[in-house]
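Beneath this line is the structure, given in structure tokens, with notes to follow.
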Amino acid sequence: MNHFIKEFLTILPVLGVEVFRGRSSKWDDALKAGEALQYDSPIFQVSVKKHGGTAYGQIIDGEFTVLKGSAIAAEVTRKDNVVESTRRQFELRKQLHERLNNEGAIVIDDKGIATLTRDVPFSSPSAAAAFVQGRATANGRREWRTKDNDTYADWEGRK
């Protein structure tokens, strides 16, 4: 039965059913303490320079997940004169930002500070860092840090 449940929980997200994914509701206390909660991954953080906020992330179900309550850039900004691959990344980040905003997963207050209302999974820490900072690209392995200031790369190397 345990094997069946594990397989069931693995295949449902592939089919678009996300209801069984995510964290325990106790994550707020762990976030404040900078501790991992029932996951092998610590909670990482990155500063969002556009407004001085902080975004939080953790490896959940094998994906780098930006956590609910994280401050993120209110918009994705594009630099001129970039290579084609960077332009494509910008478009992807902008589309995701717009979709999440339309779904209510991003709330922007009257000061222009955007906050996530739900966890958002990414394929990599770099994609997550770029998204929360409103950029096309980022080196998430260096930008995400633990409360002890270890980078994601440092943690991954020890793991």
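Read-outs throughout are calculated quantities, based only on the coordinates presented, and are distinct from any laboratory measurement. Everything numeric here is computed off the predicted structure, so don't read it as measured data. No Cβ is skipped: glycine too gets one built from the backbone with ideal geometry, and neighbour counts run over all protein chains shown.
Structure data summary
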| read-out | value |
| --- | --- |
| Ordering of 97-106, 78-87 by packing [mean C-beta count within 10 Å, highest first] | 97-106, 78-87 |
| If the convex hull is drawn through the Cα atoms of region 40-81, its volume per residue in Å³ | 100 Å³ |
| Overall Cα dimensions of region 38-125, principal axis frame, Å, largest first | 44, 33, 25 |
| Hz values of 3J(HN,Hα) by residue in region 42-49 - Karplus curve (6.51, -1.76, 1.60), Gly and Pro given as x | x, 8, 9, 9, 9, 7, 9, 5 |
| Members of LYS68/LYS159; LYS50/LYS111; LYS49/LYS79 lying beyond 19 Å, as alpha-carbon distances in this model show | LYS68/LYS159 |
| Integer Hz, Karplus 6.51/-1.76/1.60 couplings in order for region 113-122, x for Gly and Pro | 8, 9, 9, 7, 9, 8, 5, 10, x, 10 |
| Efficiency of FRET from Cβ geometry, ASP154 and ARG78, R₀ 30 Å, rounded to 0.05 | 0.45 |
| For ARG118, distant residues with modelled amide H under 5 Å away | GLY69 |
| Potential extension, GLU7-ARG87 segment - 0.36 nm per residue separation minus Cα distance | 25.0 nm |
